[in-house]
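Note sheet for the following structure.
Values quoted throughout were computed directly from the atomic coordinates according to the rules given, and no laboratory measurement underlies them. Computed from a prediction, not measured in an experiment: that's the story for all the values here. Reconstructed Cβ throughout: ideal geometry from the backbone, glycine too, with neighbour counts over all protein chains shown.
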Amino acid sequence: MAKRPNLDMDVLRTFVTGFELGSFARAAGRLGRSQSAISTQLRRLEEQMGQPLVRKAGRGLVPTPAGERLLAYARRILDLNDEAVGAVRDMEFEGRVRLGLPQDFAESWLPGALGRFGKAHPKVRVDVRTEHNATLIERTIKGELDLSLAWGDGSEAPHAERLAELAIVWIGRPGWAGVKSLGTAPLPLIAFDPPCVFRSAGIAALDAASIGWRVSFSSPSLAGSWAAVEAGLGVALRTRIGLPKKLVALGARSGLPRLPAIALSLHRAEREPNTATGQLAEIVRQSIREEVKRLGRRP
């Protein structure tokens, strides 16, 4: 059996960073290397793998089937590397990290993310708060939270990075008969009180489509809104993240108008956070990537 090569961790990080940023030129800037050095690393990685890993698509590069497979393994390898380094270097690190997030994420991926963080930093306490979007951003800017996930592109905050863009969808009970079943009655809408980015997007879309509406139920709790939808009190707006199994995203046959996408951003209280906060931020990034990929595979 031919001797298998040992993959270079720096080369794998370049490979992953290039596709995460959508450009190896951006990866060069992020990693502090020249573009020629990045190209050399990619060629070396392809030589080790024995086949092409990237190909041109328009003005950019995309992974080949082999590159896509390696990309999944590379992310896992880097996660384990970073977890191992953090666990050894920061064995005695103590303190706390304050994390804020929308209610959508509290039950979907939060337990797994916290479990991964706890293995690396068993002595660090994590305080989690679920708040409305504007409150999360405000508290992070003030330093009352170390990290927060919030809907929007983060342009209003000094230390924010855009992680993903997700479709806003109409949510209702399975088998909902659609707008036509309402006749001349207004659409019963379930929404948070303003300000709410989802409420604003839904109302703007309904008004543009000349569909009448009324707020039939309002609650500060997302769980309360889901219960109202399940009870048949109306339809709601959200992304597919955290969508209860008893509810569905309503498609075009419902007669409801298309909705825009919404960005999801990670906010930091400080430009250069401490080690534990930085590692939790990386785990949040990875968790979001995995969740978005999972949603992309759903019908």
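In table form, for the structure just shown:
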item: Residues residue 123 and residue 44, FRET efficiency given R0 of 45 Å [Cβ-Cβ distance, rounded to 0.05]; result: 0.70
item: Ranked list, fewest to most other Cβ atoms within 10 Å of each Cβ, for 246, 3; result: 3, 246
item: Top of 269, 205, 37 by mean-square fluctuation, Gaussian network on the chain, Cα under 10 Å; result: 37
item: Gap separating the Cα centres of the range 242-299 and the range 133-198, nearest whole Å; result: 11
item: FRET efficiency for residue 167 and residue 253, using Cβ-Cβ distance with R0 set to 22 Å, rounded to 0.05; result: 0.85
item: Label point at residue 73 placed 7 Å out along Cα→Cβ; residues across the range 32-59 whose backbone nitrogen lies under 20 Å; result: 41-55
item: Violating pairs (Cα-Cα greater than 27 angstrom) within the set 119/293; 56/293; 123/245; 3/293; 123/246; 180/245; result: 123/245; 3/293; 123/246
item: Three-way shape call for the range 214-268 based on the alpha-carbon gyration tensor, with the a/c threshold at 1.5; result: oblate
item: The chain, helix-only ellipticity at 222 nm - DSSP H runs n ≥ 4, -39,500 (n - 2.57), divided by all residues, nearest 500; result: -13500 deg cm²/dmol
item: Cα gyration tensor category, rounded, prolate or oblate, for the range 1-128 with a/c compared to 1.5; result: prolate
item: Dipole axis of the chain (+1 Lys, Arg; -1 Asp, Glu on Cβ), positive-most option in 228, 34, 182; result: 182
item: Separation of the residue 21 and residue 261 label points, Cα + 7 Å toward Cβ, nm; result: 2.0
item: Theoretical gain in end-to-end length, residue 107 to residue 80 [0.36 nm per residue, Cα-Cα removed]; result: 7.3 nm
item: Other-chain or far-sequence residues with amide H under 5 Å of residue 169's (modelled H); result: 238, 239
item: Lys, Arg +1 and Asp, Glu -1 on Cβ, resulting dipole of the chain about Cα centre, debye, nearest 20; result: 1060
item: Residue 184 versus residue 271: modelled label distance in nm, points set 7 Å from Cα along the beta carbon direction; result: 6.2
item: Antiparallel DSSP beta bridges within the range 169-259, percent to nearest 5; result: 55
item: Contour excess over end-to-end distance, with Cα ends at residue 3 and residue 55 and 0.36 nm allotted per residue; result: 16.0 nm
item: Peptides 4-12, 171-179 ordered by average Cβ neighbours within 10 Å, highest first; result: 171-179, 4-12
item: Three-way shape label, the range 169-259, alpha-carbon gyration tensor, a/c 1.5; result: rounded
item: Dipole magnitude (debye, nearest 20) for the range 203-299, charges at Cβ of Lys, Arg, Asp, Glu; result: 440
item: Gain in span if fully extended, residue 211 to residue 33, counting 0.36 nm per residue against the direct Cα distance; result: 58.7 nm
item: Long-range HN-HN contacts of residue 95 with modeled amide H, under 5 Å; result: 125
item: Per-selection metrics, the chain (Cα): Rg and Dmax in Å; result: 22.2, 74
item: Net dipole in debye of the range 169-259 [+1 Lys, Arg Cβ; -1 Asp, Glu Cβ; about Cα centre; nearest 20]; result: 300
